[in-house]
Number of protein chains: 2
Amino acid sequence: MSKAEKSTFYKDAEQLMVAVDCIIFGFDKDQLKLLLFKRKIYPFKNKWSLIGSFVNRKENVDSAANRVLAEYTGLTNVFLEELGCFGKYNRDPAERVVSIAHYALIRLDEQKLELAESHEAHWFDVDEIPKLILDHNEMVTHALEELRRKARYQPIGFELLPEKFTIPQLKNFYDSIYQKELDRRNFRKRILAMDILKKLDEKDKSTSRKGAFLYQFDKKKYKKLVAEGFNFIV
Amino acid sequence: MSKAEKSTFYKDAEQLMVAVDCIIFGFDKDQLKLLLFKRKIYPFKNKWSLIGSFVNRKENVDSAANRVLAEYTGLTNVFLEELGCFGKYNRDPAERVVSIAHYALIRLDEQKLELAESHEAHWFDVDEIPKLILDHNEMVTHALEELRRKARYQPIGFELLPEKFTIPQLKNFYDSIYQKELDRRNFRKRILAMDILKKLDEKDKSTSRKGAFLYQFDKKKYKKLVAEGFNFIV
DNA sequence: CCAAAAGTGTTATCGCTACACCCATGA
DNA sequence: TCATGGGTGTAGCGATAACACTTTTGG
């Protein structure tokens, strides 16, 4: 189909701009964090903002989200999912922009800090998010709710922790997500009962004299369980 | 901010078309159904399709979804939620169109049939969906998964059944959603234990000689329970 | 030797599942 | 009177929550 032909379809439809915005979560020392940066374009230049970009004509929406994520963190192949569409006609005073919000989970230790810094980015504790531009605070609120929901049914904790992690570390993550302290013993029992962790011979002694054994997430076993109809629930 | 000023922002961003498509569910006699119609515009004119529309510049995305729903069913104030963005750059061969899929739950008895018919619409059993245009079959698959997921945590059955319904009717809905037969006695116990149904003095005798008592969903009680942190689980 | 976190087992309770019988009624 | 779907109660089992003591080791 030639270009000339194409343009005859849908000719009464109005065109508008489509953007992606990314809520980027990280986890460090019992604390869930969010990556924000100072906007580089007008309006709202230099205000705190989520990272985002316009979607190009020849680019998938999810590709655009992956593109900005790579641009700001240097990471590819990270956990990145759609959060939802923010489509109020007047959400951006400058232009009509429909934004497809996405959220990402990344490992802080793998992130390229110099990239983030070159974009004037900063990691904020989730309970200390500043006022953001447009409807970005609303996006963050949605993303947090979705993260909590998701954490019940998928082992997303593993996306945020380092490759090797201890069970107390994992518990810290869930404690911070659910904003309450789970029972140590029951938590360990449940997690181990799922049989998706590989125990290593190493210990992490950074938080106690005794040290805690390191574990790795066993993706193969997890996928097998999911295929068999298994529900990860903490 | 004047129009002239506005156009100077984001001037390097490419514009594209944004559409909404609606997966409309109904329920009738133990059977989940879907409203489809014959597309009226080229390309794919006269092929089976979801209902949809382009989003206008001065219109919220969700307003557009509500607009088409009203246009095709005559209904307003129905359950309508976003399903997700379908944003592959080549999903429509005619033009670059990003579609925000929505799903709706409507009561078949309230629907204006003549409106649907004037649009050459037809109700299909969900297990007899024909081949649809573009990625619409994929949208339907997602919508069904979302419906099943949602049915666990929100009392959406009530959106699809008539105002007054019997418990066996409600059970039929869940049976058809989950594609297996729940236990009659346990189902009734669980539903009643939630204390969100008002028992009426009337009976529906259309399916048995004895007749089954009619109930109504008590939205106030339900909202109160949700506010107190209650999880509807069937 | 002691402080501080890691690791381990048992018991009681609750919720869910499975299951069988009676009821109301129109034909 | 009987066939058909509607309505009810209970016992057993499994999963979960609550809970206390031992282990390790650096300082």
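Rule-based calculations on the coordinates, nothing more; no lab input. Keep in mind that this is a model prediction, so the values were computed, not measured. Counting neighbours? That spans all protein chains shown, and the Cβs are built from the backbone with ideal geometry, glycine included.
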Quote the FRET efficiency, to the nearest 0.05, computed for residue B:207 versus residue B:148 with a Förster distance R0 of 41 Å and r equal to the Cβ-Cβ distance.
0.95
Could you check the spin-label model distance between residue B:193 and residue A:218? Points 7 Å from the Cα along Cα→Cβ, value in nm.
3.5
Have a look at the DSSP beta bridges in the protein assembly as shown and tell me what percent are antiparallel, nearest 5.
80
Return a whole-number percent for the relative contact order of chain B, with Cα pairs under 8 Å and 6 or more residues apart as the contact set.
20
Counting only helical runs of four or more DSSP H residues, what would the 222 nm mean residue ellipticity of the protein assembly as shown come to if each run contributes -39,500 (n - 2.57) and the total is spread over all its residues?
-9500 deg cm²/dmol
Ordered by number, the trypsin sites (Lys or Arg not before Pro) in segment A:126-201 that occupy a DSSP loop and have at most 12 other Cβ atoms within 10 Å are A:131, A:180
DSSP-defined beta bridges in chain B - what % are antiparallel, rounded to 5
75
Sequence order, segment B:44-50: Karplus ³J(HN,Hα) from phi using 6.51 cos²θ - 1.76 cosθ + 1.60, θ = phi - 60°, Hz rounded, Gly and Pro as x, gives 6, 3, 6, 8, 5, 7, 6
So if I restrict to the alpha-carbon atoms in segment B:35-193, what is the Rg, and what is Dmax, the biggest pairwise distance, in Å?
17.1, 54
Using amide H atoms built 1.01 Å from N in the peptide plane, name the residues 5+ places from residue B:28, or on other chains, whose amide H lies under 5 Å from its own.
B:33
Quick one: A:78, A:61, A:98, fewest Cβ neighbours within 10 Å first, how do they rank?
A:78, A:61, A:98
Rough spin-label spacing in nm, given labels placed 7 Å along Cα→Cβ, for residue A:227 and residue A:137
4.7
Copy-to-copy spacing for residue A:117, label 7 Å out on the Cα-to-C-beta vector, in nm, shortest first?
7.2
Out of residues 5 or more away from residue A:16 or on other chains, whose amide H comes under 5 Å of its own, with H placed 1.01 Å from N in the peptide plane?
B:16, B:17, B:18
Out of residues 5 or more away from residue A:84 or on other chains, whose amide H comes under 5 Å of its own, with H placed 1.01 Å from N in the peptide plane?
A:101
Say R0 is 60 Å: what FRET efficiency, to the nearest 0.05, do residue B:125 and residue A:122 get from their beta-carbon distance?
0.65
Taking chain B as the reference, fit the longest principal axis to its C-alpha atoms, fit the long axis of helix B:61-73 to the helix C-alpha atoms, and give the angle between the two in degrees, 0 to 90, nearest 10.
60
For label points placed 7 Å from Cα toward Cβ, what is the shortest-first list of nm distances from residue B:179 to its copies?
3.8
Going through B:180/B:203; B:131/B:224; A:224/B:220; B:11/B:47; B:131/B:210; A:180/B:223 one by one, the pairs whose alpha carbons sit over 32 Å apart turn out to be B:131/B:224; A:224/B:220; B:11/B:47; B:131/B:210
Build a GNM of chain B with springs between Cα atoms under 10 Å: which of B:130, B:168, B:93 gets the top mean-square fluctuation?
B:93
P(r) tail fraction, segment A:15-117 - alpha-carbon pairs more than 17 Å apart, %:
53
Treat the count of other C-beta atoms within 10 Å as a stand-in for reagent exposure and order B:51, B:129 from fewest to most.
B:129, B:51
From phi via Karplus (6.51, -1.76, 1.60), per-residue ³J(HN,Hα) for segment A:184-197 in Hz, x at Gly/Pro
3, 5, 5, 4, 4, 4, 4, 4, 5, 4, 6, 6, 10, 10
May I ask you to list the residues of segment A:37-65 whose amide nitrogen lies under 20 Å from a point 7 Å from Cα along the Cα→beta-carbon direction of residue B:11?
A:40-46, A:54-57
Ranking of B:166, B:73 by count of other Cβ atoms within 10 Å, fewest first:
B:166, B:73
Shortest first and in nm with one decimal, please list how far the residue B:221 label point sits from its counterparts in the other copies (point 7 Å along Cα→Cβ).
4.5
Per-residue HN-Hα couplings for segment A:207-217, Karplus 6.51 cos²θ - 1.76 cosθ + 1.60 at θ = phi - 60°, whole Hz, x for Gly and Pro?
10, 7, 5, 5, x, 10, 5, 8, 10, 10, 6
